[in-house]
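All remarks here apply to the structure that follows.
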Amino acid sequence: MAQQRKIIHVDMDAFFTSVEQRDTPEYKGKPLIVGGQPNSRGVVAACSYEARKFGIHSAMPCSRAYRLCPHAIFVPPRLEAYREVSEKIREIFWRYASEVEPLSLDEAYLDVTYTADFDGSATRIAQAIKRAILAETNLIASAGVSYNKFLAKIASDMDKPDGLYVIKPEQGAEFVAELAIGKFHGIGPATEAKMNTLGIKTGLDLRQWTEHELTAQFGKSGRYYYTISRGIDERPVRSTRIRKSLGKETTFSTDMMDMDELLSQLESLAEIVFERLQKLQLEARTLTVKVKYANFQQVTRAQSVAEALVELEDFKALLPELLSRTEAGKQAVRLVGVTAGGFVQDSDVDGGEEAQLGLPLEP
């Protein structure tokens, strides 16, 4: 009989802003925003829990964040500082896990099935990891413990911040049955809305559908929905993670100068990309705009945020600022494109490139 898997998902709490509050004590306890300045066209890359109380969230335009909380502190991102902390955290992970699969700078899956420490207790191992992170980085992490990746990921969000939530094998099916569809990792707003129209609002509702019926409604995603509704997820924790991207571009019949029309074209492309992400159950953290000028010179501009871009409006909010960082409007444009990347979960998408777990914020 195969040994029961033990999976931990560790997620740092408000990572970017927590690093800033740690390094600059006067920021502690105050609404803090990492990203652009309040009067800029930039977006919120991350925000502290104090800022979230005002309705501020990742990918929100900084101008709106400022209106919601005029006394918030705005600071530029310090990517090297975040990467340095991330490397230290991963060192801690490898002390306990046989496999570590980073999803981003601030979260990872750990397979501790064969870890002998603490008599093999995944819960005690997670506690030890949280203690080590706090002692060695002065930062707080939340952890979810379960027998598969899907449930471990959901568990890590249950008691944030500083959470530790355990879903045992005998609890999995019942836990999923009571879970709202909107809480399912891998089911975005568009799919949630479609499921709601079909009367599917909880895991129990989803479980009433056969695999054939779900596949007929949702394509190949139907198999995934069928298994997770029963608390089943056989995906392994993979130490070598492939970072994939998904994009769409269009070439104009005549070169274009009108910025409003260019932005409209980018929004249309973003809608196509977003729809594909939904179908593949992918959540992206990075959006890239590609511009090719009439002279065939090509540039890309990218923006990454700390939390997944799960709404179409999150994608569209990034486009004006990214486009403004090109020479569009000054030079004629023959092609534009939109690409989503930095995915936070697995999916079988053809093509890809090796993982680059940094968060590029191109000039």
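What follows draws every value from the coordinates through simple rules; no lab data is involved. Computed from a predicted model, the values in this text were never measured in an experiment. Every residue, glycine among them, receives a Cβ derived from its backbone with ideal geometry; neighbour counts consider all protein chains shown.
Which number do you get for Rg(Cα) / (2.2 N^0.38 Å) in segment 242-354? The value comes to 1.04.
Listing GLU213, GLU178, GLU283 from fewest to most neighbouring C-beta atoms within 10 Å gives GLU178, GLU213, GLU283.
Specify the inter-centroid distance of segment 80-124 and segment 318-336, based on alpha-carbon positions, in whole Å. Result: 40 Å between the Cα centres. Under Stokes-Einstein, with the Kirkwood radius over Cα pairs as Rh, the value for segment 8-67 at 37 °C and 0.692 mPa s is 281 µm²/s.
Once every Cα of segment 1-167 carries one equal point scatterer and solvent is ignored, give the base-10 log of I(q)/I(0) from the Debye formula at q = 0.09, 0.11, 0.12, 0.14 Å⁻¹, two decimals. One equal scatterer on each Cα of segment 1-167 leads to -0.33, -0.48, -0.56, -0.72. According to the calculation over all Cα-Cα pairs in the chain, the P(r) per 20 Å bin from zero is 28, 57, 15, 0 %.
Relative to the longest principal axis of the Cα atoms of the chain, the long axis of helix 312-324 makes an angle of roughly 40 degrees. Build a GNM of the chain with springs between Cα atoms under 10 Å: which of LYS290, LYS53, LYS160 gets the top mean-square fluctuation? So, out of LYS290, LYS53, LYS160, the one fluctuating most is LYS53. Rounded to the nearest 20 debye, the dipole magnitude of the chain is 140 debye, with +1 charges on Lys and Arg beta carbons, -1 on Asp and Glu beta carbons, and the Cα centre as origin.
Report, in degrees rounded to the nearest 10, the 0 to 90 angle that the Cα long axis of helix 122-137 makes with the longest principal axis of the chain. Its long axis makes an angle of about 50 degrees.
Kirkwood radius and radius of gyration were both taken over the C-alpha atoms of segment 245-301, and their ratio Rg/Rh is 1.00.
A straight line joining the Cα centroids of segment 142-193 and segment 10-48 runs 26 Å. Taking 0.692 mPa s as the viscosity and 37 °C as the temperature, the Stokes-Einstein diffusion coefficient of segment 173-228 based on its alpha-carbon Kirkwood radius rounds to 300 µm²/s.
When each of SER239, SER146 is scored by the number of other beta-carbon atoms lying within 10 Å, the sequence from fewest to most is SER239, SER146.
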